[in-house]
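Chemist: I have a structure here, written as structure tokens, and I will follow up with some questions on it.
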Amino acid sequence: MRVGFGYDVHAFARGRPLILCGVEIPFELGLKGHSDADVATHALIDALLGAAGLGDIGEHFPDTDEAFRGVSSLVLLEKCLSLLEQEGFRFVNADLTIVCERPKLGPYKEAMRQRLAQVLSCSPKDVNIKGKTTEKLGFTGRGEGIAAYAVALITHAT
Ligand code: MG
């Protein structure tokens, strides 16, 4: 068993959709970024790469690469899983915390879980999603962006 941790932040931007864990969330702001700026999936990818000892998302999917402009982060997650498989690892479970004051994530958590479980080929029980606020403190509290944390467990495939 190997564990990894991931963290990511994206700033809010006008005129972009808000995508979290591959799910479009109805909100007046989206997130700034080179890909679809899915901050939660980025944290998960970093957790998985970390668990496998494979570096970080920027090394594998640089934001200078035109191939990744506007790409769904679920595509990056699929590529990340292939990298893990090549190294002989299989996904066990992950736990994500998404931090923002708004929008309220409660109504979308189940959809996010289902979406990630599809890509990870696991039960929705194996990808937990938590929404948190920071009680109006800090950049998330001021509504400047969204932060996400993830831990993931992987194991050597037998
Ligand atoms: Mg990111």
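The values are calculated or read from the model by the stated rules, or taken from the named source; none is laboratory data. No experiment lies behind these values; they were computed from the predicted model shown. Backbone-built Cβ (ideal geometry, glycine too); neighbour counts: all protein chains shown. Side chains included, ligands, DNA and RNA excluded: accessible areas come from the protein's heavy atoms. Shrake-Rupley method; radii C 1.70, N 1.55, O 1.52, S 1.80 Å.
Chemist: Please work out if Cys80 is among the hydrophobic types (A, V, I, L, M, F, W, C), under 15 Å from Leu120 (Cβ atoms) and within 16 Å of the ligand (Cβ to nearest atom).
Modeler: On the way: among the hydrophobic types (A, V, I, L, M, F, W, C): yes; under 15 Å from Leu120 (Cβ atoms): yes; within 16 Å of the ligand (Cβ to nearest atom): yes.
Against the criterion (among the hydrophobic types (A, V, I, L, M, F, W, C), under 15 Å from Leu120 (Cβ atoms) and within 16 Å of the ligand (Cβ to nearest atom)), Cys80 qualifies.
Chemist: Of everything in the range 12-36 that's more than 15 Å from the ligand (Cβ to nearest atom) and assigned to a loop (DSSP other than H, G, I, E, B), which residue is most open to solvent (accessible area, probe 1.4 Å)? Step through it out loud before you land on a result.
Modeler: Here is the first cut: in the range 12-36, the ones more than 15 Å from the ligand (Cβ to nearest atom) are 14-15, 17, 23-29.
With assigned to a loop (DSSP other than H, G, I, E, B) added as a condition, the list becomes 14-15, 17, 26-29.
Working: Arg14: 185, Gly15: 83, Pro17: 65, Pro26: 91, Phe27: 47, Glu28: 106, Leu29: 29 Å².
Across the range 12-36, the extreme among qualifying residues is Arg14.
Chemist: Name every residue in the range 71-88 that is more than 19 Å from Ala40 (Cβ to Cβ) and either touching a residue at least 40 places away in the same chain (Cβ under 8 Å) or open to solvent by less than 30 Å² (accessible area, probe 1.4 Å) (or both), in order of residue number.
Modeler: Just the residues of the range 71-88 that are more than 19 Å from Ala40 (Cβ to Cβ), to begin with: 82-83, 85-88.
Answer for the range 71-88, where residues must be more than 19 Å from Ala40 (Cβ to Cβ) and either touching a residue at least 40 places away in the same chain (Cβ under 8 Å) or open to solvent by less than 30 Å² (accessible area, probe 1.4 Å) (or both): Glu85, Gly88.
Chemist: With the requirement that a residue be in contact with a helix residue (DSSP H, G or I) (Cβ under 9 Å, 6 or more places away or on another chain) and either open to solvent by 40 Å² or more (accessible area, probe 1.4 Å) or more than 19 Å from Ser72 (Cα to Cα) (or both), what does the range 109-126 give you? Steps first, answer last, please.
Modeler: We begin by selecting, within the range 109-126, every residue in contact with a helix residue (DSSP H, G or I) (Cβ under 9 Å, 6 or more places away or on another chain); these are 110, 112-126.
Once the filter is applied, which keeps residues that are in contact with a helix residue (DSSP H, G or I) (Cβ under 9 Å, 6 or more places away or on another chain) and either open to solvent by 40 Å² or more (accessible area, probe 1.4 Å) or more than 19 Å from Ser72 (Cα to Cα) (or both), the range 109-126 yields Glu110, Arg113, Gln114, Arg115, Gln118, Ser121, Cys122, Ser123, Pro124, Lys125, Asp126.
Chemist: Suppose we filter Phe68, Phe91, Phe61 for residues that are within 16 Å of the chain's Cα centre (by Cα), over 19 Å from Asp8 (Cα atoms) and surrounded by 13 or more Cβ atoms within 10 Å (Cβ to Cβ); which single one remains?
Modeler: Numbers: Phe68 fails: over 19 Å from Asp8 (Cα atoms); Phe61 fails: over 19 Å from Asp8 (Cα atoms).
Being within 16 Å of the chain's Cα centre (by Cα), over 19 Å from Asp8 (Cα atoms) and surrounded by 13 or more Cβ atoms within 10 Å (Cβ to Cβ) holds for just one of Phe68, Phe91, Phe61, which is Phe91.
Chemist: Only one of Val3, Val39, Val9 is over 17 Å from Arg115 (Cα atoms) and either crowded, with 22+ Cβ neighbours inside 10 Å or near the ligand (Cβ under 10 Å from one of its atoms) (or both). Can you tell me which? Break it down into steps so the answer makes sense when it comes.
Modeler: Details: Val3 fails: either crowded, with 22+ Cβ neighbours inside 10 Å or near the ligand (Cβ under 10 Å from one of its atoms) (or both); Val39 fails: over 17 Å from Arg115 (Cα atoms).
One residue alone meets the criteria, Val9.
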